[in-house]
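Reading through the structure tokens given below for one structure.
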Amino acid sequence: MEFKDLKKQYLNNKDRIDEAIKKVIDKTDFINGQEVVDLEQRLAQYVGVKYCITCANGTDALSMVLANWKIGIGDAVFVPDFTFFATAEAVSYVGATPVFVDVNEETFNMDPLDLERKISFIENKNELKPKVVIPVDLFGLLADYNSIEKIAKKHNLLVLEDGAQGFGAEFNGRKACSFGNAAITSFFPAKPLGCYGDGGAIFTNDNELASLIKSYKFHGKGENKYDNVMIGVNSRLDTLQAAILNVKLSMLIDYELDATNEIYKKYCERIRKFVKVPFIPNGYKSSFAQYTIKLKSREERDSLKKYLDENNIPSMIYYPKSMHQQKVYSELNIKDKDYPVSSKLCNISLSIPMHPYISDLDIKKVEETIKKFMHYNKFIEI
Ligand SMILES: *Cc1c(COP(=O)(O)O)cnc(C)c1O
């Protein structure tokens, strides 16, 4: 059993993917080929925004938006305490200070009440200028944008949606990567829409931001590559990756999203007696970057993980440490007691195999193994 079965996904669509790759090689059109232009158009249309600009990875996408908003030294950027490190890293990379916000225990996403609290704290302290909030669509579930956008408006903050794990998700029919003033996603292989290497994209309706980033990602080009109007970076998506993504985008839309949502339902029916299953609020549709269960204690989580390992069922701890617990941020001197929820989630969360190609037999095996574990360990009576 695989945690994410990229091999099975490839074999399922081998002919189309191989053909797309071969076409690029035949044309030797490796940078800025037609496939990149096509992909950007399709992604913008699918998400429902004016511009999609592809780039080298999701981390670049985050820092490029922040840099072009002129976020830097002395600015505060609010990020969830429970996320992949890149969300906070991009903030530090442009010289700004990440301010961590605790999350909601049910959804794993940024808690709007704590966001209010942390904004007031920064405003009262009056050392940093509050500028941006970066909600993350963790594990494929959209953050609470209704509440967060209201708070951001009240405090005059820009909103940057980190949709690295959320591509394909929806809230009341509105797609991930269409929220906030700009959004980003990642095409890292294991994300809901993954390529065969690194890749990322920025989404926005903002004409000015879009034209700045189109120049910035290309050495700050003006009329052309040899006319430079600002200091930028080199951050592009290869034509080969775009060609693969064009096929994989169709797969995602045509059946993968439905398949993962079916598997979600099956898992929930079968294991909710034993563990806390993911909570998807009304009106939300997740793209299930992860299927993350919660146990009652660290001891229970760690021993279940060990038992799954022994039974050849892969599982992952997302995340063993939250942002404020990272060594690199130890100088901020933040205590666990200020982040009770994220500190707890690090101890009790466990992600189990989840991808569109998981078989009924594998789901059954996961169910049986969790059941046996609970019985054997008397964590519950059966
Ligand atoms: C993966 C990820 C990123 C970074 O994407 P890369 O393409 O790996 O640079 C950023 N934010 C979150 C929440 C992620 O999961």
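The values are calculated or read from the model by the stated rules, or taken from the named source; none is laboratory data. Computed from a predicted model, the values in this text were never measured in an experiment. Don't worry about glycine lacking a Cβ; one is built from the backbone with ideal geometry, like all the others, and counts go over all protein chains shown. Areas reflect the complete protein model, heavy atoms only, side chains present, ligands, DNA and RNA absent. Shrake-Rupley method; radii C 1.70, N 1.55, O 1.52, S 1.80 Å.
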| remark: Note on Ile17: of the conditions (1) open to solvent by 10 Å² or more (accessible area, probe 1.4 Å); (2) in a helix (DSSP H, G or I); (3) more than 16 Å from the ligand (Cβ to nearest atom), unmet is (1)
| query | Does the stretch 233-241 contain any residue that is within 30 Å of Leu6 (Cβ to Cβ), within 14 Å of the ligand (Cβ to nearest atom) and either among the small types (Gly, Ala, Ser) or not in a loop (DSSP other than H, G, I, E, B) (or both)? | reply | yes
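For the condition of a type in the set (S, T, N, Q), under 22 Å from Glu19 (Cα atoms), more than 16 Å from the ligand (Cβ to nearest atom) and modelled with pLDDT of 95 or more, what is the one hit in Asn207, Asn246? Break it down into steps so the answer makes sense when it comes.
On the way: Asn207 fails: under 22 Å from Glu19 (Cα atoms).
One residue alone meets the criteria, Asn246.
Which of the residues spanning the stretch 39-74 are outside any helix (DSSP H, G or I) and either among the acidic types (Asp, Glu) or within 12 Å of the ligand (Cβ to nearest atom) (or both)? Explain how you work it out, then say what you get.
Our first condition is that a residue be outside any helix (DSSP H, G or I); within the stretch 39-74, this holds for 48-57, 69-74.
The answer is Thr54, Cys55, Ala56, Asn57.
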| message | Just to verify a result, which residue in the stretch 31-58, among those that are among the polar types (S, T, N, Q) and under 17 Å from the mean Cα position of the chain (by Cα), is nearest to Ala210 (Cα to Cα)? | response | Thr54
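Between Lys214, Lys175, which is away from the ligand (no atom under 16 Å from the Cβ), buried (at least 22 other Cβ atoms within 10 Å of the Cβ) and charged (D, E, K, R)? First the steps, then the outcome.
Numbers: Lys214 fails: buried (at least 22 other Cβ atoms within 10 Å of the Cβ).
Only one candidate qualifies: Lys175.
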| Residue identified as in contact (Cβ under 8 Å) with a residue 60 or more places away in the chain, of a type outside the set (Asp, Glu) and open to solvent by less than 10 Å² (accessible area, probe 1.4 Å) among Ala182, Ala164, Ala259 | Ala182
| task | Please tell me if Phe84 is within 14 Å of the ligand (Cβ to nearest atom) and open to solvent by 10 Å² or more (accessible area, probe 1.4 Å). | result | yes
| remark: Asn156: passes all of (1) touching a His at 6+ places or on another chain (Cβ under 9 Å); (2) assigned to a loop (DSSP other than H, G, I, E, B) but (1)
| note | Within the stretch 87-104, the count of residues that are open to solvent by less than 10 Å² (accessible area, probe 1.4 Å) and within 9 Å of the ligand (Cβ to nearest atom) comes to 2
| Residues of the stretch 111-136 satisfying the condition of being away from the ligand (no atom under 16 Å from the Cβ) and outside any helix (DSSP H, G or I) | Asp111, Asn126, Glu127, Leu128, Lys129, Pro130, Lys131
